[in-house]
Each structure stands twice: as C-alpha cells, then as structure tokens.
1. Based on alpha-carbon centroids, what's the gap between the range 113-137 and the range 37-88 in Å, whole number please?
2. Using DSSP to call loops (not H, G, I, E or B), can you name the trypsin sites (Lys or Arg not before Pro) in the range 69-108 whose Cβ has at most 15 other Cβ atoms within 10 angstrom?
3. Would you mind ranking Lys191, Lys133 so that the residue whose beta carbon has the fewest other beta carbons within 10 Å leads the list?
4. Over the chain, what relative contact order in percent results from Cα pairs under 8 Å that are six or more residues apart?
5. Can you show me the helix-derived [θ] at 222 nm for the chain, built from DSSP H runs with n ≥ 4 at -39,500 (n - 2.57) apiece and divided by the number of residues, rounded to the nearest 500.
6. Please report, ordered by residue number, every helix of the chain (full DSSP H runs) that is 27 Å or longer along its axis going by C-alpha atoms and whose mean Kyte-Doolittle hydropathy reaches -0.5.
7. When only C-alpha pairs under 8 Å and at least 6 residues apart count, what is the relative contact order of the range 124-198, in percent?
8. Here are a few candidate values for volume of the Cα convex hull per residue in Å³: (i) 104; (ii) 150; (iii) 282. Which one was actually calculated from the structure I just gave you?
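A short reminder: the numbers here are calculations on the coordinates, not readings from a lab. Worth saying up front: this structure is predicted, and the values here are computed from it rather than measured. All Cβ positions, even for glycine, are placed from backbone atoms using ideal geometry, and neighbour counts span all protein chains on display.
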Amino acid sequence: MNIPSILGISGTFIGLVRALPQLVLLLRAKEACGVSVDTAATSSIVGFGWAVYGLLTNQPYLALATGSSAMVFLIITFFALRFGRQIKELKIAPIWFCVLLLAAIIKEESGLGIMLPVSVLVSNIPQLWVAYKEDNLSDLSLGTWLLSMSDGLVWGAYSLIRHDTSILIFTFFQLTTSGLIASLKLIHWAKNHDRILN
C-alpha cells in the first residue's frame, strides 16, 4: 500500500466521522444554539460536489469521504431546522448549489476543480459568523471542527503527493476557517467556565 492510499484511507475515515460529533450533540440537546444551518446545508452541497469531482478524477477515496460527509451534513441541516434554526437562514446554500451545478455542466471536473477550493470559505464563513456573533454556542460541536482541521491536514498531504492544486487550496481554507471556529468555541467555553467559577 502506497502513501497516497494510506492518506486516502485516513482521510476517508475522518470524512466519515468528522460531522458526527455535531449530529450527536444536536440529537442530545434537541436545540441548535450556535449552529449555522447555512453552513450545514452548504457543506452538504460542497461534499456532494467533491464526491462528483473525486469520481470524475478517479480518486475514489475522495469521493467516498466527501460523499459520506455530505450525507451527515444533510442530516445535520434537517435537525438544525427542526431544533430551532430558521429556513430563512439558508442564504448561501441555494446560490452555491447553482454555482457548482453550472461549473459541473459547463466545464465538468475542471469547472469543479476551480469552484470547489473556494467552497470551504463559502460553507464555513456562515458558521464563523454565527460563532462570532451569538452568545450561546452550547450546541456547536468543538469535536467536529477539530476533526475538520485534521481532515484538512490529511487531505493537504494527499494533495501534495497527488499534485492536486484544487484539493491543496481547499485544505488551506479548511484549516484556517475550522481553526478559527474551534478557537471561538474555546473562547466561549472559557468565558462561561470563568462565569461559573466566579
């Protein structure tokens, strides 16, 4: 087994589980405080886009990991709406669906290869904004965002070996935005912990 295969298998595993902590937290809390439904929906759309890109470029590990993650984010979207988020919060997801669909129709894998790296910014910025502006982040899963950072590291190494610039750019944005979201969650936790102690 070669290094790209090992990284692909590792990335597939992380892709399968990275959104699960958020889903479990939503199902336990039955609330969605601090969770961006727009990020969940856009992440699902982007995941399906990457799955198509993986199939078109003969990268089955990428297709499996991102397709599985997309399904979990789709379920998170459903439960976030069910547990208090509003459908009107879906602002970017429908637009980005159209953008990726047009890119795929017009330029196939090269169109997706251009648009998908930017997609992580499009999908994660709503969550970054919600984490920054909302006071209650109790239902935002730190585990999901730490796993997203790990996902970025693994796929970053994979992209360097495979010489896939699209994945490399995506992983840079994934690491940056996921790290910021995790930091905001930790800052929120520290503030609440201090309040409890005082």
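1. Spelled out, the Cα-based centre of one part sits 14 Å from the other.
2. Within the range 69-108, the qualifying trypsin sites (Lys or Arg not before Pro) (loop, at most 15 other Cβ atoms within 10 Å) are Lys91.
3. Lys133, Lys191
4. Worked out over the chain, it gives 30 percent.
5. Result for the chain, helices only: -29000 deg cm²/dmol.
6. Sorted by number, the helices that extend far enough and score high enough are 37-56, 60-82, 92-133, 142-162, 165-197.
7. Relative contact order here is 42 percent.
8. It is the one labelled (i).
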